[in-house]
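**Student:** Could you have a look at this structure, given as structure tokens, before my questions?
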Amino acid sequence: MSQPRILSGMRPTGPLHLGHLTGAIDNWVRLQETHACFYSIVDWHALTTDYADPSAVKENVLEVATDWLAAGLDPARSTLFIQSHVPEHAELHLLLSMIVPVPWLERVPTYKEQQQNLAGKDLSTYGFLGYPLLQTADIIVYKADAVPVGEDQAPHVELTREVVRRFNNFYGPVFPEPKTLLTPVPRIPGTDGRKMSKSYGNAIYLKDSPEEVRAKLRPMVTDPARQRRKDPGDPDKCPVFDLHRAFSPRETQEWAAAGCRAASIGCLDCKGKLADYLVERLAQIHARRPEFAARPDTVWDILRDGARRARETAAATMDEVRAALKIRY
Ligand code: TRP
Ligand code: SF4
């Protein structure tokens, strides 16, 4: 039983949508076959941006965990846990803060980007600057060999490797340098054509019923050139077609693209077919979901049990770290 170890994390932003499925969960479920997996709901990371109003964090943690279980993350095979249940992450974050130069954090591209994107929030905090260092601690406290992430998170794994090299240089080889397992992330637009996101109110959720899925797709933005049924369109300019690429079989994609260009199908026909495949895909998730949604206590128990297992690994690492830093008394 020495499979390579991976760790990944997800912020508790609320119920999961199609973007989470294709961008992370599908891949995480597959990795369970070949890797020892640690998957964490990173509630402290949520506080780096939502510190002024943390009232939704608890409910969001439960939503994420319920969707994880429904989507096939299996607590018998993977360690599923809440970050703040494993205080070793915080201890390691503190110790790493002694050795990381502030400019390393200031030049992480997401730092200034997110400050601009979330201009309504004061993100000039110590905690927000340390966001990627906390992520570093999440990863290396398990000595993870690899981290499955999308492109946007690659700079954080790069920082992780730099911090590991610096640590190992000072104190000896305690940590392996984790690899980035880049998840190819298809473009998943929301119903308004922008990136799918809860905050835009344009998301299709994993828990949406077939009727909700169809009702959300019907008014979805299409190629603006197709004003009328007889106007030909360009699937490459249509967000609905991006969803076909992610969820429909090849023949259907070809049918939609040809029908769109020739104006031989209408957008509602095109969306209807997409809805059929989406509903079919979500049916697998809906088959498992009620079992967990109806029993939050079971979900919390699963997360507590995951944390207990995670702590065994994390505590062993911290013992070595304290020894390396000459503070094991
Ligand atoms: N920063 C990641 C995100 O926003 C979440 C995260 C926190 C993470 N800790 C992690 C991802 C460790 C991978 C590994 O998506
Ligand atoms: Fe988009 Fe399909 Fe309409 Fe073409 S037919 S514009 S691909 S929804």
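**Student:** Which one is surrounded by the fewest Cβ atoms within 10 Å (Cβ to Cβ) among residues in segment 240-270 that are of a type in the set (Val, Ile, Thr) and under 15 Å from ASP223 (Cα atoms)?
**Tutor:** This residue is ILE265.
**Student:** Just the residues that are among the polar types (S, T, N, Q) and closer than 28 Å to VAL149 by Cα, please, taken from segment 181-228.
**Tutor:** THR183, THR191, SER197, SER199, ASN202
**Student:** Can ASP53 be described as farther than 24 Å from GLU151 by Cβ, of a type in the set (D, E, K, R), surrounded by fewer than 22 Cβ atoms within 10 Å (Cβ to Cβ) and within 11 Å of ligand 1 (Cβ to nearest atom)?
**Tutor:** For ASP53, the condition - farther than 24 Å from GLU151 by Cβ, of a type in the set (D, E, K, R), surrounded by fewer than 22 Cβ atoms within 10 Å (Cβ to Cβ) and within 11 Å of ligand 1 (Cβ to nearest atom) - is not met.
Let's see how each residue does on (1) free of Cβ contacts under 8 Å to residues at least 60 places away in the same chain; (2) not β-branched (Val, Ile, Thr):
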site	(1), (2)
PRO155	yes, yes
TYR171	no, yes
THR180	yes, no
PRO184	yes, yes
ARG194	yes, yes
LYS207	no, yes
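**Student:** Is it fair to say LYS216 is under 30 Å from GLN153 (Cβ atoms), touching an Asp or Glu at 6+ places or on another chain (Cβ under 8 Å), more than 16 Å from ligand 1 (Cβ to nearest atom) and open to solvent by 30 Å² or more (accessible area, probe 1.4 Å)?
**Tutor:** Spelling it out, LYS216 is indeed under 30 Å from GLN153 (Cβ atoms), touching an Asp or Glu at 6+ places or on another chain (Cβ under 8 Å), more than 16 Å from ligand 1 (Cβ to nearest atom) and open to solvent by 30 Å² or more (accessible area, probe 1.4 Å).
**Student:** I've got another one for you. May I ask you to list the residues in segment 255-305 that are within 16 Å of ligand 2 (Cβ to nearest atom) and assigned to a loop (DSSP other than H, G, I, E, B)?
**Tutor:** Those that are within 16 Å of ligand 2 (Cβ to nearest atom) and assigned to a loop (DSSP other than H, G, I, E, B): ALA262, ALA263, SER264, ILE265, GLY266.
**Student:** Which of the helices (runs of 4 or more DSSP H) found entirely inside segment 70-186 contain at least 3 residues meeting this: open to solvent by 10 Å² or more (accessible area, probe 1.4 Å) and modelled with pLDDT of 95 or more?
**Tutor:** In segment 70-186, 88-99, 102-106, 126-129, 131-140, 154-171 are the helices (runs of 4 or more DSSP H) which contain 3 or more residues that are open to solvent by 10 Å² or more (accessible area, probe 1.4 Å) and modelled with pLDDT of 95 or more.
**Student:** Taking segment 219-242 on its own, how many of its residues are over 16 Å from ALA258 (Cβ atoms) and of a type in the set (Asp, Glu)?
**Tutor:** 1
**Student:** Which residue, of ALA203, ALA225, is outside the structural domain of ALA137 (by TED's automatic domain parsing), touching a helix residue (DSSP H, G or I) at 6+ places or on another chain (Cβ under 9 Å) and modelled with pLDDT under 95?
**Tutor:** Of ALA203, ALA225, the one residue that is outside the structural domain of ALA137 (by TED's automatic domain parsing), touching a helix residue (DSSP H, G or I) at 6+ places or on another chain (Cβ under 9 Å) and modelled with pLDDT under 95 is ALA225.
The values are calculated or read from the model by the stated rules, or taken from the named source; none is laboratory data. This is a predicted model, so every value here is computed, not measured. Using ideal geometry, Cβ is built from the backbone for each residue, glycine included, and neighbour counts are taken over all protein chains shown. Just the protein is used for accessible areas: all its heavy atoms, side chains included, with ligands, DNA and RNA removed. Shrake-Rupley method; radii C 1.70, N 1.55, O 1.52, S 1.80 Å.
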